[in-house]
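Every read-out reported here was derived from the displayed coordinates using simple, explicitly stated rules and does not represent laboratory data. Here the structure is a predicted model, which is why all the values come from computation and not from measurement. Counting neighbours? That spans all protein chains shown, and the Cβs are built from the backbone with ideal geometry, glycine included.
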């Protein structure tokens with residue numbers, strides 16, 4: 001493959017000619033590992049925060065489900081104490097997932113995760129982004145080849161190759177990627193907010209607390225068997241008459257992944273219930289969409305009785 005001017009072919013692919021490829025051991029002050037021997041013996045209900053693999057996310061450190069240790073234990077385990085700007089990397093489960101330790105967690109400790117202390121000329125956020133990138137993750141996965149239990153070790157991280165531009169360019173790249181992460185986080189929060197609004201609307205409309213214009217009168221409670229015919233079998237689109245209205249209930253242990261396009265054309269709607277594979281054919285006057293929404297809301301309230309307007 002021809003390399004365009006200003007670039008060069010390297011072990012990690014084509015990069016700008018002025019960038020350098022070096023192993024982590026040459027661009028960090030130290031790479032070590034957190035507590036690995038019986039860490040639970042140090043856990044306390046409060047005290048010094050202790051990070052575990054579950055706290056390390058590509059978007060940063062998650063403070064949910066933290067564990068703690070005493071000040072005394074933290075002092076004894078100084079080797080695994082964290083500093084502001086350290087890069088922590090998951091060893092087991094999702095190996096290679098990396099994040100930067102923020103200032104507020106300086107002095108905290110960690111369990112069974114790798115700790116990289118960037119040297120001069122290396123931006124911590126850039127290093128974390130590189131390890132999380134396809135070029136970093138590819139090296140991590142190659143080191144796991146043939147292993148049943150994925151496990152990323154200190155020696156493997158020390159040998160991981162990093163393409164490094166100048167420090168100002170590293171900082172600019174890390175800042176740009178951080179801005180993208182912030183945008184994505186904002187979009188996630190917006191989607192969650194809209195989902196909450198929808199749930200609130202469902203609660204109001206499906207319980208009759210809020211009535212749509214033009215509708216009035218009392219509602220009556222009805223059992224599923226009174227408003228539908230139930231059978232313990234799957235709907236087979238090829239053998240079901242077109243236009244059949246149905247609600248397919250699936251096990252609550254499985255995520256409702258939606259009907260097939262053919263089933264959807266025939267009026268199928270999926271929800272979840274504790275009885276796997278139960279199909280409900282709705283009676284005239286109750287659209288399957290309404291029954292599916294009732295099932296979802298009833299499950300959230302622990303009540304599988306359906307209400308319908310008279």
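Applying the condition of being assigned to a strand (DSSP E or B) and surrounded by fewer than 20 Cβ atoms within 10 Å (Cβ to Cβ) to the stretch 85-135 and asking which residue is nearest to the chain's Cα centre (by Cα) yields 92. Restricted to strands (runs of 3 or more DSSP E) entirely inside the stretch 1-84, those with at least 1 residues that are surrounded by fewer than 18 Cβ atoms within 10 Å (Cβ to Cβ) are 7-10, 13-16, 20-23, 28-33, 67-69. Does the stretch 168-184 contain at least one residue that is surrounded by fewer than 15 Cβ atoms within 10 Å (Cβ to Cβ), touching a helix residue (DSSP H, G or I) at 6+ places or on another chain (Cβ under 7 Å) and more than 24 Å from residue 20 (Cβ to Cβ)? Scanning the stretch 168-184 turns up no residue that is surrounded by fewer than 15 Cβ atoms within 10 Å (Cβ to Cβ), touching a helix residue (DSSP H, G or I) at 6+ places or on another chain (Cβ under 7 Å) and more than 24 Å from residue 20 (Cβ to Cβ).
Within the stretch 179-207, the set of residues being closer than 19 Å to residue 137 by Cβ and touching a strand residue (DSSP E or B) at 6+ places or on another chain (Cβ under 9 Å) comprises just one member, 181. As a summary of the residue check, residue 195 satisfies the conditions (1) more than 20 Å from residue 94 (Cα to Cα); (2) in a strand (DSSP E or B) except for the one numbered (2). Here residue 202 fulfils each of the conditions (1) without any contact (Cβ under 8 Å) to a residue 60 or more places away in the chain; (2) in a helix (DSSP H, G or I); (3) within 36 Å of the chain's Cα centre (by Cα) apart from (1).
Restricting 16, 5, 23 to those that are more than 26 Å from the chain's Cα centre (by Cα) and closer than 23 Å to residue 151 by Cα reduces the list to 23. Selection of the stretch 212-229 for residues being part of a helix (DSSP H, G or I) and surrounded by 10 or more Cβ atoms within 10 Å (Cβ to Cβ) yields 224, 226, 227.
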